[in-house]
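Report on one structure; see the data block that follows.
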Amino acid sequence: MTLALYVPVGSPVHRLPAGVKLLCLAVLAVLLFARPTPTVAGAALVGTLVVGLGVARLPVAVLARQAWALRWFLLVLFVVHALTTDVATGAHTVLRLLTLVLAAAVVTATTRVSEMVRVVERLCAPLRLVGGRPERVGLLIAMALRFIPVLIERADRIRAAQAARGGPPRGVRALRTTVAPLLVQLLQMAHDVSEALDARGADDTPVRRPGRA
Amino acid sequence: MRFRRSSAATADTDVAEPGRGIELRRVGHRYGDRVVLEGIDLQLTEPRVGVVGANGSGKSTFARLLNGLVVPTEGQVLVDGLDTRTQVRAVRRRVGFVFQDPDAQIVHPTVAEDVAYGLENQGVPPDERAARVAEVLERYGLAGHADHPAHLLSGGQKQLLAIAGVLVMQPARIVFDEPTTLLDLVNARRVAEVIAGLEQQVVVVTHQLDLLDGFDRVLVVDGGRVVEDAPPGPAVAAYRALMERR
Ligand SMILES: Nc1ncnc2c1ncn2[C@@H]1O[C@H](COP(=O)(O)OP(=O)(O)OP(=O)(O)O)[C@@H](O)[C@H]1O
Ligand SMILES: [Mg+2]
């Protein structure tokens, strides 16, 4: 699994409001790209590691997994930059991106999804003015996080079933033969999930509109 | 007034008559031209009701009628006097539903958040929500998993989580559609024990006949009709005889 999910430790970083953490992440991102010097990037990386491993006491594996998941992408990025500009620029670009990914991992690992969703809902509050429902946006994000692992598991299962009957275990052909049955399963699942949402009162929340109702 | 739901809620409780249980009046259902259920006239007041029948006989459709997930194309379904056609919100608050596949009914990434979902929908304040979630997780042995990702739970734990998510809403009745089909023996037994211990009225659709031990009433569905309606012993015997004639 490549999604860093909440690691319940109970550190000062965990207790920080989700909005503050997301703001820090945004500031860091702006800083990394507005001041693209190796010193800034290096300092940011060290800072991220100190906060993540030292203060938040996250297991090294949580952060290592994120970096590992991106290894090919980072490698390609490095090679392209090294070839078109020079090796130092390549290394610097990779460093900035890696820092940002790790910082994002620290935020997700120290923040409950529900808190994160609440921030997004608050940011989407203006939607109410046009009759939108911010809590729906929040639910959408939570459900995306919930169903990505399910999706991966179903894909694995289909691949295993096909391999057991002599199908291609991997490669482009396996990918092609996995997609169709996976889509069928996903459509069925989407129907089941929508029933479950109904059964648990998804429609119960009355539509809130500003002003006289 | 749309800011509060209180007006609607009181209206619902005013007309609900808890003693009446679940009533199906001349109920029939078709998908397009295909008749799936017909001629069903029942009143279910017993605390434990089972439903058995062959694949495709209409059990799931029957179960979905009971909380308004399916509205009958003919006749009427009433829950405590509330019509599933016109008072579906009130009906769903009284009738919880547990599905076969727990993966499809867990909608939040972590355990506690998922249990809280239904309460959020009901507008329960955060403090009370947290207390009720904690209590339910404790009862089903999931307290240690509150912040764990749901996808790391075992199949049995996932189904318990799904049940916890329904129970926390304190419905008066719960419908289960094949709750143990995807579980191994140990987990199926654990879920069966949980169901047996519920104080709510329970309607269980199942292919696992031992789940019906101690039930008050079992319906045998065949070709969209209720062909037997008896205590578990005779009902299961009739069901076996029916299947052997195939
Ligand atoms: N949404 C739908 N649209 C069309 N036909 C449907 C739909 N849902 C069910 N059916 C059909 O209605 C019939 C009864 O289905 P139902 O799911 O109620 O049976 P079941 O007794 O629950 O079967 P099983 O034991 O396999 O779960 C089946 O023939 C099925 O194909
Ligand atoms: Mg069924």
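The values are calculated or read from the model by the stated rules, or taken from the named source; none is laboratory data. Just so it is clear, the structure is predicted and the values come from calculations on it, not from any experiment. FYI the Cβ positions are ideal-geometry reconstructions off the backbone, even for glycines, and counts take in every protein chain you see. What goes into the accessible areas is simple: the full protein's heavy atoms, side chains included, and nothing from ligands, DNA or RNA. Shrake-Rupley method; radii C 1.70, N 1.55, O 1.52, S 1.80 Å.
Annotations
- A count restricted to region B:144-163 and to residues that are more than 10 Å from every other protein chain (Cβ to nearest Cβ) and either more than 16 Å from A:VAL9 (Cα to Cα) or buried (at least 18 other Cβ atoms within 10 Å of the Cβ) (or both) stands at 11.
- Of residues in region B:100-118 being within 16 Å of ligand 1 (Cβ to nearest atom) and open to solvent by 20 Å² or more (accessible area, probe 1.4 Å), the one nearest to the other protein chains (Cβ to nearest Cβ): B:ASP101
- Candidates A:VAL80, A:VAL40, A:VAL117, filtered to the one that is outside the structural domain of A:LEU22 (by TED's automatic domain parsing) and without any contact (Cβ under 8 Å) to a residue 60 or more places away in the chain: A:VAL117
- Single condition B:GLN76 does not satisfy, out of (1) facing chain A (nearest Cβ under 8 Å); (2) open to solvent by 20 Å² or more (accessible area, probe 1.4 Å); (3) not in a loop (DSSP other than H, G, I, E, B): (1)
- Within the set B:ARG64, B:ARG94, the sole residue that is closer than 19 Å to B:ILE174 by Cα and within 16 Å of ligand 2 (Cβ to nearest atom) turns out to be B:ARG64.
- Any hit, region A:68-90, residues being among the charged types (D, E, K, R), part of a helix (DSSP H, G or I) and within 30 Å of B:LEU119 (Cα to Cα): no
- The residues of region B:26-53 that are near ligand 1 (Cβ under 7 Å from one of its atoms) and open to solvent by 10 Å² or more (accessible area, probe 1.4 Å), listed by number, are B:TYR31, B:GLY32, B:ARG34, B:VAL36.
- Cβ separations smaller than 8 Å between residues 6+ apart or across chains give the following pairs from region B:85-112 residues that are free of Cβ contacts under 8 Å to residues at least 24 places away in the same chain to residues that are small (Gly, Ala, Ser): B:ARG85/B:GLY68; B:VAL88/B:GLY68; B:ALA104/A:ALA196; B:VAL107/A:ALA142; B:VAL107/A:ALA196.
- Failed item, numbered, when B:ASN67 is tested on (1) open to solvent by 10 Å² or more (accessible area, probe 1.4 Å); (2) within 12 Å of chain A (Cβ to nearest Cβ): (1)
- Restricting attention to region B:205-246, the residues that are in a loop (DSSP other than H, G, I, E, B) and either touching a His at 6+ places or on another chain (Cβ under 7 Å) or more than 25 Å from B:VAL194 (Cα to Cα) (or both) total 4.
- Residue check for B:GLY156: within 18 Å of the chain's Cα centre (by Cα), part of a helix (DSSP H, G or I) and touching a residue at least 60 places away in the same chain (Cβ under 8 Å): no
- Positions within region A:91-120 being buried (at least 19 other Cβ atoms within 10 Å of the Cβ) and of a type in the set (Gly, Ala, Ser), in sequence order: A:ALA103, A:ALA105, A:ALA109, A:SER114
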